[in-house]
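What follows is a short report on a single structure.
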Amino acid sequence: MERSAAVERLAAEVIQCRECPRLVAWRERVAREKRAAYAGEEYWGRPVPGWGDPAATLMLVGLAPAAHGGNRTGRIFTGDRSGDWLFAALWRAGYANQPTSVSADDGLRLQGAYVSAVVRCAPPANKPTPAERENCLPYLDRELALLTDVRAIVVLGQFAYTAVAGRLGLRPRPAFGHGREAELGDGRTLICSYHPSQQNTFTGTLTETMLDAVFARARELGA
């Protein structure tokens, strides 16, 4: 209960953050102007905290919320194509109670998994600046410190890998590649995965089989 409360307090703190003026302006502009398909919806338009099981053995780290995904729904990887792929794979691996993630109140629950991101606000062109990344990373540090049962950290894409490996002081740092692993020396293993973006899934750079293999490996590692 104490850990759950600490995770909730951190989430509340993330939601109030206004540290990066460019990101604040962009996330709020997107929430006002909206995409035509969601014109009738009220956008979240704030930082998006990590979420999932406080007793997670698997942690996933992405880049940032999507402008019309997490920035709209208020939950990371929810309401966009990347999330469709990710949560379907987590469901197949037994980490989720359902294969879809469309809204923050859709009944989805994670079992043994926690989902986070390097940057908590939707960035213009999906490209945070180095300063914005550094402003946000202390939140990830605190999540990693709170989630003491984590055994596998899956980084989704090169950006997440570089940020997380740097933050954890991984030396030497293997080149990023799908399925590559690095032992962190404390009982945790970092596993690389291509990001489940439309660019990667449409082109076959990332397939369901490849993503399933990452989560199967996490299970082998005790996650």
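The values are calculated or read from the model by the stated rules, or taken from the named source; none is laboratory data. Quantities reported herein were computed from a predicted structural model and do not represent experimental measurements. So basically every Cβ, Gly included, is an ideal-geometry build from the backbone, and we count neighbours across all protein chains shown.
Values as computed for the structure displayed
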| quantity | calculated |
| --- | --- |
| Test set (1) surrounded by fewer than 18 Cβ atoms within 10 Å (Cβ to Cβ); (2) touching a helix residue (DSSP H, G or I) at 6+ places or on another chain (Cβ under 6 Å) - residue 186 fails condition number | (2) |
| Test: residue in segment 61-73 that is over 18 Å from the mean Cα position of the chain (by Cα), of a type in the set (D, E, K, R) and modelled with pLDDT of 95 or more | no |
| Of all residues in segment 72-97 being among the aromatic types (Phe, Trp, Tyr) and outside any helix (DSSP H, G or I), the one that is farthest from residue 213 (Cα to Cα) | 77 |
| Test: residue 45 is at positive phi and either part of a helix (DSSP H, G or I) or not basic (Lys, Arg) (or both) | yes |
| Residue tally, condition acidic (Asp, Glu) and closer than 19 Å to residue 59 by Cα, over segment 3-20 | 1 |
| Identity of the residue in segment 1-37, more than 22 Å from the chain's Cα centre (by Cα) and not in a helix (DSSP H, G or I), that ends up nearest to residue 49 (Cα to Cα) | 1 |
| Subset of segment 114-146 (residues that are modelled with pLDDT of 95 or more, in a helix (DSSP H, G or I) and not aliphatic (A, V, I, L, M)) | 124, 130, 132, 133, 134, 135, 136, 138, 139, 141, 142, 143 |
| Segment 181-212, residues that are among the hydrophobic types (A, V, I, L, M, F, W, C) and over 23 Å from residue 149 (Cβ atoms) | 202, 206, 210 |
| Out of 195, 178, sole residue that is closer than 21 Å to residue 83 by Cβ and in contact with a Cys (Cβ under 7 Å, 6 or more places away or on another chain) | 178 |
